[in-house]
Amino acid sequence: MSGQFAAVGAPIKNVQLLGHVTGTTQYVDEISFPGMLWIKAVRSPVARGKIRKIDTSRAEKVPGVIKIITAKDVPNNIHVNMAGIGIGPPDEPVLPEDEVKYKGEAICLVVARDEETALKAAQLVEVEIEELPPVLDMEEALKPDAPVITKWGVNAFIYGSGMDGATKPGRPGRPFFLVRRGDVETAFKQADKVVKGSYVIPPIEHAPIEPHVCVAKPEPGGKLTIYTTTQAPYFVRDNVATILNIPASNIRVIAPAVGGGFGGKVDPEFEMQVAVAAMRVGRPVKWRWTREEEFTISTTRPAIKVEMEDALSKDGLILGRRARLLHDSGAYTRTSPYGVIKSTVNLSGPYHIPNVYYEGYCVYTNRQPSSAMRGYGVFEVSYAVELQMERDARTLGVDSWEFRFKNAYRNGQVTATGRPIDDAYLVEVMKEAASLAGVKLPPHLLQMSSWG
Amino acid sequence: MSQVASGYYAPASLRDAISLKRRLREKALFVAGGTAAVQLVSKMIAEPEAIISLEKVPLDYVKIRGNVVEIGATTPISRLLETRGLPTALREAAENIHGLALKDMATVGGNIFTPAPAGDIATALLSLDATLVLRGTRGVRTVPLSKFYRGPLKYNIKADEVLTAIRIRRPPRLSSFLKQTPWRYSGPTIASVSVGLDLDKNKKARRVMVAIGGLTTHPYRVKRAERLLTSKKLTSELIEEAAKHLVDNVDIIDDALASSWYREVIAQVLFKKILNRFI
Amino acid sequence: MRIKFKLDGEYVEVDAKHTDTLLKILKDKLVVGSVHFGCGEGTCGACIVLVNGRPRYSCLTLAGYVDGKEVTTVAGLAHDGELSEIQKAFLENDAAQCGYCTPGMILTAKALLDRNPSPTDEEIFDALAGNLCRCTGYVPIINAIKSLSKKR
Amino acid sequence: MARLRGRGIAAICYPTGMNLGGDPSQTVIVAQPDGKFIVNVASVELGQGLRTALAQIAAEAIGASVEDVEVRFGDTQTAPHDTGTFASRTTHRMGNAIVKAGQEIRQILIDVASKILEVSPQDLEIGNGKVWVKGVPDKFLTVKHVVNQAQFVYNTPVVGKGHYVKPKSDVDPDTGESDPHSTMAHGCIVADVEVDTETGIVTVLQIYTVYEVGRAINPKLVEGQIIGGMLMGLGAALTETVYPRYPQLTHQATSFREYVLPTAGDAPKIVYKIVESPTETGPYGAKGVGEMVANGIAPAIVNAVYDAIGVQITELPITPEKVLKALREKQ
């Protein structure tokens, strides 16, 4: 493909394939140590509630149960996954102390000699929860009279723009991320047509065929080795160090081949729990999530709702765009503020829109926490933007191709956030796609380019 | 009797299987193909003290003699597909169980006990007016499949009885099965419909049997639609009229796969498609 | 209980509970690395093995069932270091990405081809419906099977 | 009953790596006595082919033969810090770090070779496992030999280190003014569908896609992503959600019987093309690919259904049920 290179551009076979077809690729689930114990969680049956009592006495009597881990066993019971790169605030406990915030949240962990024993004992733990009304709808969550489910008083991420939220004071009622450019009011006044749309994507599961599996093994000298299905070993290391209150360098994280991630294994979701258990019992501990846990506990792609309004000229140009994006973070922060930024700054899509006003809200609900999934933030807005583009074109009576060609961004223009564009190549890609699909584009479109 | 080891029994004969069950009662779980039963065990929903595997009991057969089709209860779905001369609806239902492993493991008998969104073979058998042969310590009795279901996971079978065979006497000349799934080749049933009937010389419908699956835990017969169609010439108007009564008094499942509204619509669409083929 | 069976050509004996699944025995007792837990419900196919040549979800098969039978995993397909035809076809067609579904996929494909040396597209689709893959989009897997179908 | 056909398009762009930057990747490449190179990264092999693509980048940067490069991954003990394997960032971020590390090694090899050959380093060229004097490619030293001599004769460790980070961008809180993107990749997707007006079932007949990836480090791996991403996009478009009655919690999917993935027979026909427009910021011009290929499928399919039935369904997934309701409301 590229003559000037020797190795780059060569269609070399994936070196992992031989291991895959012979069944010798090593995944975490194949890692085992003598004396290894298993974990099962006792999970919340309700979406929101106060924990009144945890009675482990019956479960503890089951032969083979080694220990039941509760919030009291966690040295530093608060964290946020991406603290290392400045995403805050820390708002998630390893195990909840007094309140559960989503259905299925782990309340305590049974550590036992094998999976069956742990499961059996987990069923014998009695938890008393006073159910509270859950917040599930993002619009409802943002209303002033909504039940508050965060520590800071509103069901939205309210800290300053950028990702260093934890250090800045909140301003209720203000979107978390704002993009303004040009004069959107005038654009709408001058518009020949205004087109509105509202687009929703509910949560989607990554569903890799390999579920989450983690083995944590205490080592001499207060050290710990963690084998886990992670996409980000250093996130795991940082978070485990934080909650155990030990130096990060005491922890070694190993991710052997991972059986599919798609973003679902970016967040340290359960490694902290396994690490606490291993340190408390001083033995290797394993946890493999069931498929049901994959669906109901593991992160999902966030739900989003985008309301969009375009000011159009009759000759087929987008003069301005207003958009309001709601991102369902679920019960805890995880990576959501980052996701909202990624969504909000990309609300123009690959188009030049001179006047914009975009609001991005990071909303908290009583749902399993959401996080990254393939195309995080952009998958969602690509969907909204391309549906809106089609709506625009059809309302104007302009051909769908022509409308996109006319509005495609060009090199030398600037993005909604004021960055000069130097990598534009959409016009060329659209020409290729039209040709591939047998579409005969008119000459005036074929003459267009990303350079003018 | 062959006992592999404590707790796991694989009797070689039906008689042994039944006496074992009689001895062990609720402590024992029958396992045929395993696709439903083993999950109960591995998820610890059931903790049987013994397993009675039917793998060695010689119930894997299909016999077609004259007007009678008899299928052994542990016959896997793949065996049905290897057999010529089965009623169309039964073959079509078997074809709609996708996946090589599932076809090899799932048994016809097991399918009758499997609630929605599986159990498509039972839907087809219901439209063929199949009868179940149950053998217990006190002998053999037969129960029409249409009288077998008694509510969610409740069956007309006694603790010491084993389903040994499914019998279809005088299968209807025309029969057909259709189902809708979320993806073309996937398993879970949104709705399945199976119809069996005979047409007389005047093209009037005789012996009409309409079965619906996927809408409740177990498939059911639609007597009202059957009556409407019986002794009449099939017309699209008549089919349309009969389709209105497919879900009378039925509490339709509303779940992650589909709403009850959609399930009803699809049952009607499939029903009409099948009958329009017979016009 | 003690069960004895042939695993990839070699006799093995192992203790099992009557409620143990074949998957559990293969993974925990016999340390077979190529049989994977994916769902435990017979829907994904990552745990499929051949029992007497026929594909079975090992998560839905009790250990006692294989007593006296032959169990084949993907490791048992290669002979004297030489990959089997089906393994070669998967390799040549880049029919894997993360590899977690691959052993089950290969065994199902082998069982299909053993029974039906020149399957139609429909027959391939139908046979593979109980094996999920989230990475490849299935196209290379189908191509791998077709490549053998043509050869016969 | 009718079958309505429609065509939909979607044009997309995708930013490579973490928005706003600040996400470092580091690597250390260590030559072995046998002349092989071990590239240590904390990135993770998820099936995307990272070990292969990163080895190609390393080989190119060092001038080694790609067979002599092995990428070892996913271990915080042996590899320096890496933010993680997500956001289509590994080829770009880690790739850039590897280019730097590889170039350090290349320089060491040239310096050692210049001593062996007693020529000026400026007169030497290196590539594909060989070092030679410019203009005389037939007379060469193997990289393997040079590595060996460096370690055993010239007492020089053949180690390269690389770090890459897109500096964290500041944000103006009132306007969002910032530099979030490192580079943009592009795609255009055309979907042809058929809608059954009786059942609402959407059949995707054909997908055409063109992706611009900067530089395809390994076209085979890019193709693998394109096809796999297409099916994931298809699932999102037509059936997949954990909460079918969102925002309600009811009807939550708990198994593959309720959250039903497309199977082998459900993959539509796809025709694809990869085009290249190398970016200055990427290793050999590469941009991130892995995520973009899933993004445009759903809007193209939904737009195609819009074209077919004249109604735009705005909430994913567009299940047969939603399509049927839309058709009935239209009447």
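The values are calculated or read from the model by the stated rules, or taken from the named source; none is laboratory data. It should be emphasised that the depicted structure is a prediction, and the values quoted were computed from it without experimental measurement. Because the Cβ atoms are built from the backbone with ideal geometry, glycine has one as well, and the counts that use them run over all protein chains shown.
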Could you list, in sequence order, all residues of the range A:223-259 that are more than 8 Å from chain D (Cβ to nearest Cβ), part of a loop (DSSP other than H, G, I, E, B) and touching a Pro at 6+ places or on another chain (Cβ under 9 Å)?
A:Thr229, A:Asn245, A:Ile246
Condition check: surrounded by 15 or more Cβ atoms within 10 Å (Cβ to Cβ) and closer than 20 Å to D:Ala53 by Cβ. Does D:Ala150 satisfy that?
no
Would you say D:Gly17 is more than 19 Å from A:Ala10 (Cα to Cα), under 16 Å from the mean Cα position of the chain (by Cα), within 14 Å of chain A (Cβ to nearest Cβ) and modelled with pLDDT under 95?
yes
Write out, first by first residue and then by second, each pair whose Cβ atoms fall under 8 Å of each other, whose residues are 6+ apart or on separate chains, and whose first residue, in the range A:116-134, is in the same structural domain as A:Lys40 (by TED's automatic domain parsing) while the second is assigned to a helix (DSSP H, G or I) and surrounded by fewer than 17 Cβ atoms within 10 Å (Cβ to Cβ).
A:Ala121/A:Glu60; A:Leu124/A:Arg58; A:Val125/A:Arg58; A:Glu126/A:Arg58
Would you mention how many residues in the range D:82-94 are more than 10 Å from chain A (Cβ to nearest Cβ) and touching a helix residue (DSSP H, G or I) at 6+ places or on another chain (Cβ under 8 Å)?
3
Take D:Glu315 and decide whether it is within 7 Å of another protein chain (Cβ to nearest Cβ) and surrounded by 23 or more Cβ atoms within 10 Å (Cβ to Cβ).
no
Could we say that A:Leu387 is within 13 Å of another protein chain (Cβ to nearest Cβ) and in a helix (DSSP H, G or I) here?
yes
Kindly establish whether A:Glu210 is within 11 Å of another protein chain (Cβ to nearest Cβ), surrounded by 22 or more Cβ atoms within 10 Å (Cβ to Cβ), in contact with a Pro (Cβ under 7 Å, 6 or more places away or on another chain) and of a type in the set (Asp, Glu).
no
Residue under question is D:His186, and the condition is that it be modelled with pLDDT of 95 or more, facing chain A (nearest Cβ under 7 Å) and outside any loop (DSSP other than H, G, I, E, B); does it hold?
yes
Pairs where the first residue, in the range C:75-93, is at the interface with chain A (Cβ under 7 Å from one of its Cβ atoms) and assigned to a helix (DSSP H, G or I) and the second is surrounded by 15 or more Cβ atoms within 10 Å (Cβ to Cβ) and of a type in the set (S, T, N, Q), C-beta under 7 Å, 6+ apart:
C:Ala75/A:Thr22; C:Ala75/C:Ser34; C:Gln87/A:Thr22; C:Phe90/C:Thr102
Applying the selection to the range C:51-74, what residues are surrounded by fewer than 24 Cβ atoms within 10 Å (Cβ to Cβ), more than 7 Å from every other protein chain (Cβ to nearest Cβ) and either in contact with a Lys or Arg (Cβ under 8 Å, 6 or more places away or on another chain) or at negative phi (or both)?
C:Val51, C:Asn52, C:Gly68, C:Lys69, C:Glu70, C:Thr72
Here's a check for you: in the range B:65-98, which residue that is in a strand (DSSP E or B) and within 15 Å of B:Leu125 (Cβ to Cβ) is farthest from the chain's Cα centre (by Cα)?
B:Val68
Starting from the range A:426-452, keep only residues that are closer than 24 Å to A:Val414 by Cβ and without any contact (Cβ under 8 Å) to a residue 24 or more places away in the chain, then list their pairs with residues that are hydroxyl-bearing (Ser, Thr, Tyr) and assigned to a loop (DSSP other than H, G, I, E, B) whose Cβ atoms are within a distance under 8 Å, requiring at least 6 positions of separation or different chains.
A:Val427/A:Ser449; A:Val427/A:Ser450; A:Glu428/A:Ser449; A:Glu428/A:Ser450; A:Glu428/D:Ser277
Condition check: over 23 Å from A:Glu30 (Cα atoms), outside the structural domain of C:Val14 (by TED's automatic domain parsing) and in contact with a Gly (Cβ under 9 Å, 6 or more places away or on another chain). Does C:Ile106 satisfy that?
no
If I ask for residues that are crowded, with 20+ Cβ neighbours inside 10 Å, more than 7 Å from every other protein chain (Cβ to nearest Cβ) and β-branched (Val, Ile, Thr), which ones from the range B:254-279 would you list?
B:Ile274
Of the residues in the range D:239-270, those that are under 25 Å from the mean Cα position of the chain (by Cα), more than 7 Å from every other protein chain (Cβ to nearest Cβ) and assigned to a loop (DSSP other than H, G, I, E, B) come to D:Pro268
Hey, can you tell me all the residues within the range D:271-291 that are more than 7 Å from every other protein chain (Cβ to nearest Cβ) and either in contact with a Gly (Cβ under 7 Å, 6 or more places away or on another chain) or closer than 22 Å to A:Ser449 by Cβ (or both)?
D:Ile274, D:Glu276, D:Pro278, D:Glu280, D:Thr281, D:Gly282, D:Pro283, D:Gly285, D:Ala286, D:Lys287, D:Gly288
Hits in the range B:43-74 (condition: acidic (Asp, Glu) and away from chain C (no Cβ under 13 Å)):
B:Glu70
Is it fair to say D:Thr197 is surrounded by 24 or more Cβ atoms within 10 Å (Cβ to Cβ), polar (S, T, N, Q) and in contact (Cβ under 8 Å) with a residue 24 or more places away in the chain?
no
Does any residue of the range A:99-116 turn out to be over 25 Å from the mean Cα position of the chain (by Cα), outside any loop (DSSP other than H, G, I, E, B) and among the β-branched types (Val, Ile, Thr)?
yes
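A quick yes/no check of all residues on (1) buried (at least 24 other Cβ atoms within 10 Å of the Cβ); (2) touching a helix residue (DSSP H, G or I) at 6+ places or on another chain (Cβ under 9 Å); (3) outside any loop (DSSP other than H, G, I, E, B):
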| position | (1), (2), (3) |
| --- | --- |
| B:Ala118 | no, yes, no |
| B:Ile121 | yes, yes, yes |
| B:Val133 | no, no, yes |
| B:Val140 | no, no, yes |
| B:Leu153 | no, yes, no |
| B:Ala159 | no, yes, no |
Across (1) farther than 27 Å from C:Ala127 by Cβ; (2) at pLDDT 95 or above, D:Gln331 clears everything bar (2)
Please specify each residue of the range C:131-145 satisfying the condition of being more than 13 Å from D:Met230 (Cβ to Cβ), within 7 Å of chain D (Cβ to nearest Cβ) and surrounded by fewer than 24 Cβ atoms within 10 Å (Cβ to Cβ).
C:Ile142
crowded, with 24+ Cβ neighbours inside 10 Å and in contact (Cβ under 8 Å) with a residue 60 or more places away in the chain, is that true of A:Met389?
no
Of these, D:Ala298, D:Ala304, which one is at the interface with chain A (Cβ under 7 Å from one of its Cβ atoms) and either buried (at least 21 other Cβ atoms within 10 Å of the Cβ) or assigned to a helix (DSSP H, G or I) (or both)?
D:Ala298
One residue is enough: does the range D:20-35 have a residue meeting the conditions at the interface with chain A (Cβ under 8 Å from one of its Cβ atoms), closer than 27 Å to A:Tyr425 by Cβ and of a type outside the set (Asp, Glu)?
yes
